[in-house]
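As structure tokens, the structure follows; a few thoughts come after it.
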Amino acid sequence: MSPPVEVRPSPSGVPGAVADPARLRAEELTFAGAEGTPVNGYLAKPAASAASARPAMIVIHEAGGLGEHIKDVANRFANLGYVALAVDLYTREGGPPPMDDVQALMARLFSMSDETVTGDLAGAADYLRSREECSGRVGCIGFCMGGRYTLLFACASEHLDAAVDCWGGFVDMATPEQRSTPERPTPPLELADRLSCPLLAAIGAEDQNPSPATGEELRARAERSGQKVKVDVYEGAGHAFFADYRPSYRPEPAAKLWGEVVPFLQRHLAGA
């Protein structure tokens, strides 16, 4: 068992803020990803024991990697009673790309194999289901690049019981110039009719990647799967409006999103 790490309070006023870190326990760990390769993660859970097993959440980071904001988001889910695992999809890359070099950042993203990433996420889901405190029901939420991978994972496998795609970029193209590449052979949008679990998607009205029009196409395609699908467009918001450490943060749309996510997960993971 990994040694515990300090749980920090959330920034004041953010949606779902953790005010009392003593209520939670967290650890840094590794789990077996694609082909058994170790993948790093941050796991947060309630400190108190429960009368019954808890549902679990996979949290997928933005292009910036598994930073303090994403760990805090995992803490917020743990504060609601989930066992939350924030995955580090840059483990194989040796860490996050340089955020001040957009060209290098995009090159890193486009070089990552969809097959490998979904294998790592399958490993995360399997790991959570193997934990004795978990009920076996697993959801996933991702932001920006993590939103794309959440959608892809929900359409390319049957590992999830609920999925939340927050402004997943490049769901309709592999790169700005190419529909398909060897690393990204099929855009997640084209797989949406294979959705294997309920989906909640969030898009900023001022965003262009994905745009509200792309969101409408996602809704139409995903509904063909027979799963429950909800795609919400948030007025007064662009890309990454939930990221409270960035200038893109918009408090009111972020609070509204949290108000949609919490009951959606409760309904599909906790059975309420």
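The values are calculated or read from the model by the stated rules, or taken from the named source; none is laboratory data. In this text the structure is predicted, and so the values were computed from the model without any measurement. Here the Cβ is made from the backbone with ideal geometry for all residues, glycine too, and neighbour counts use every protein chain on show. Side chains are part of the model used for accessible areas, which takes the heavy atoms of the whole protein and leaves out ligands, DNA and RNA. Shrake-Rupley method; radii C 1.70, N 1.55, O 1.52, S 1.80 Å.
Side notes on the structure shown:
- Being in contact (Cβ under 8 Å) with a residue 60 or more places away in the chain, in contact with a helix residue (DSSP H, G or I) (Cβ under 9 Å, 6 or more places away or on another chain) and open to solvent by 30 Å² or more (accessible area, probe 1.4 Å) is true of GLU115.
- The single residue among GLY13, GLY65 that is open to solvent by less than 10 Å² (accessible area, probe 1.4 Å) and more than 21 Å from GLU133 (Cα to Cα) turns out to be GLY65.
- Among residues of the stretch 70-98 that are closer than 16 Å to VAL117 by Cβ and free of Cβ contacts under 8 Å to residues at least 24 places away in the same chain, those with a beta-carbon under 9 Å from a residue that is of a type in the set (A, V, I, L, M) and assigned to a loop (DSSP other than H, G, I, E, B) at least six positions away or on a different chain give the pairs GLU93/MET112.
- A Cβ distance below 6 Å, combined with a sequence gap of six or more or placement on separate chains, defines the contacts here; from the stretch 183-195, residues that are farther than 20 Å from PHE110 by Cα reach residues that are modelled with pLDDT of 95 or more and open to solvent by 70 Å² or more (accessible area, probe 1.4 Å) in the pairs ASP193/ARG224.
- The stretch 231-244 residues that are touching a residue at least 60 places away in the same chain (Cβ under 8 Å) and over 14 Å from GLY168 (Cβ atoms), paired with ones that are of a type in the set (D, E, K, R) and in a strand (DSSP E or B) (beta carbon under 9 Å, 6 or more apart): none
- Scan of the stretch 68-80 for residues that are in contact with a helix residue (DSSP H, G or I) (Cβ under 9 Å, 6 or more places away or on another chain), open to solvent by less than 10 Å² (accessible area, probe 1.4 Å) and aliphatic (A, V, I, L, M), ordered by number: ILE70, ALA78
- When ARG194 is tested against the conditions (1) in contact with a Cys (Cβ under 6 Å, 6 or more places away or on another chain); (2) open to solvent by less than 20 Å² (accessible area, probe 1.4 Å), the lone failure is (2).
- Only residues that are more than 20 Å from GLY226 (Cα to Cα), small (Gly, Ala, Ser) and buried (at least 21 other Cβ atoms within 10 Å of the Cβ) were counted in the stretch 127-161, giving 3.
- Residue in the stretch 73-96 that is touching a Leu at 6+ places or on another chain (Cβ under 8 Å) and at pLDDT below 95 present: yes
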